[in-house]
Amino acid sequence: MTYWKLKGRELANCNCEYGCNCQFGGLPDKGGCQAVFAMDIDEGFHGDTDLSGLKIAAVFQWPGPIHEGKGEAVAFVDERASEVQRNALLTIMTGGDTDPFATVFAVFASTVEKMHDPLFVPIEFEADVEERLGRLRIAGHVEMDGMPIKNAVNGAPVRAQIWLPDGFEYEVAEVASGRSRSIAPMTIEHSDSYAQFAHLHLDSHGIVRAQ
């Protein structure tokens, strides 16, 4: 197994209500799940291959709870990546060179039946985790926006966090509101739904825990 490590910022948006039961082993409140994910890799490597500064994204869809499988997915990889970097990122994103179910990539990959061919494209993505502001644009394919949840009475931003010390994606996530629209090769759309911002620090064995 080739050892890898990624450290960066994430924005993800699904069709669940704010809170997302799936974060706690519950069932999706819409019956099925659809989600968009993006990550800006601040530091990373796969073996001797440097992955720092690259961006990745993905679209997922499941007809029921994620753990029941039958999922569909497509991976987007920064077009700036070399062939070696592309192969490394796709290996990580599909659960390769990873302990079983140790990362969100490995867990999700185990539930996907239909994996579209990866797309190597320009990825416009920025995320401010603490401010809960983010934006993803992949022309002709998918767009996603994340923003603070607003108080229904006075419009003030609402801040909430999820802490999962034994999770497989993050230790702490900032809960936000999001909207996403994907048109190719998968079609999904949702708005005013659960979003999360997080600082991810993952390796072949799972989350790299804060000391």
- Highest GNM mean-square fluctuation among ALA102, ALA184, ALA156, for the chain with Cα springs under 10 Å, belongs to ALA156
- Task: Note down the relative contact order for the stretch 4-207 as a percent, whole number, built from C-alpha pairs under 8 angstrom at least six residues apart.
- Result: 25
- Taking the alpha-carbon set of the stretch 62-197, what are its Rg and Dmax in Å? 16.2, 51
- Give me the lysines in straight-line cross-link reach of LYS150: C-alpha distance below 19 Å, same-chain residues under 8 apart excluded. none
- Expected vector for the stretch 117-129, Karplus 3J(HN,Hα) from phi with 6.51, -1.76, 1.60 and θ = phi - 60°, integer Hz, x for Gly and Pro, equals 4, x, 10, 9, 9, x, 10, 9, 8, 9, 8, 10, 4
- Task: May I ask for the percentage of alpha-carbon pairs in the stretch 1-144 that lie more than 18 Å from each other?
- Result: 57
- Task: Can you tell me which of 11-18, 112-119 comes out highest on packing, and rank the rest after it, using the mean Cβ neighbours within 10 Å?
- Result: 11-18, 112-119
- Relative contact order (%) - the stretch 58-110, alpha-carbon pairs under 8 angstrom, separation at least six: 24
- Would you pull out the residues with amide H under 5 Å of ARG9's amide H, same chain only if 5 or more places away, H placed 1.01 Å from N? ASP40, ASP42, LEU200
- Item | Relative contact order of the stretch 90-145, pairs being alpha-carbon contacts under 8 Å that are 6 or more residues apart, as % | 19
- Query: Do any cysteines of the chain lack a neighbour Cys whose Cβ is under 4.7 Å away, and which are they?
  - Reply: CYS14, CYS22, CYS33
- Highest first, please rank the peptides 175-181, 66-72 by the mean number of other Cβ atoms sitting within 10 Å of their residues. 175-181, 66-72
- With each label point set 7 Å from Cα along the Cα-Cβ vector, what nm distance links PHE120 and LYS150? 4.2
- Query: Among VAL36, VAL129, VAL153, which one shows the biggest mean-square fluctuation in a GNM of the chain, springs joining Cα atoms closer than 10 Å?
  - Reply: VAL153
- Going by alpha carbons, how many degrees (0 to 90, nearest 10) lie between the helix axis of 83-93 and the longest principal axis of the chain? 50
- Task: Amide H neighbours of ILE123 under 5 Å, at least 5 residues apart or on other chains, H built in the peptide plane: list them.
- Result: GLU79
- Note, the stretch 66-79: 3J(HN,Hα) by Karplus (6.51, -1.76, 1.60, θ = phi - 60°), whole Hz, Gly/Pro = x, goes 4, 5, 7, x, 6, x, 10, 7, 9, 9, 10, 10, 3, 5
- Among all the lysines, which ones have a C-alpha under 20 Å from LYS55's C-alpha, if same-chain residues fewer than 8 places away are not counted? LYS5, LYS7
- Net charge near LYS30, counting Lys/Arg +1 and Asp/Glu -1 over other residues with Cβ under 14 Å of its Cβ? -4
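Bear in mind that the values in this text are calculations on the coordinates, not laboratory data. No experiment lies behind these values; they were computed from the predicted model shown. Because the Cβ atoms are built from the backbone with ideal geometry, glycine has one as well, and the counts that use them run over all protein chains shown.
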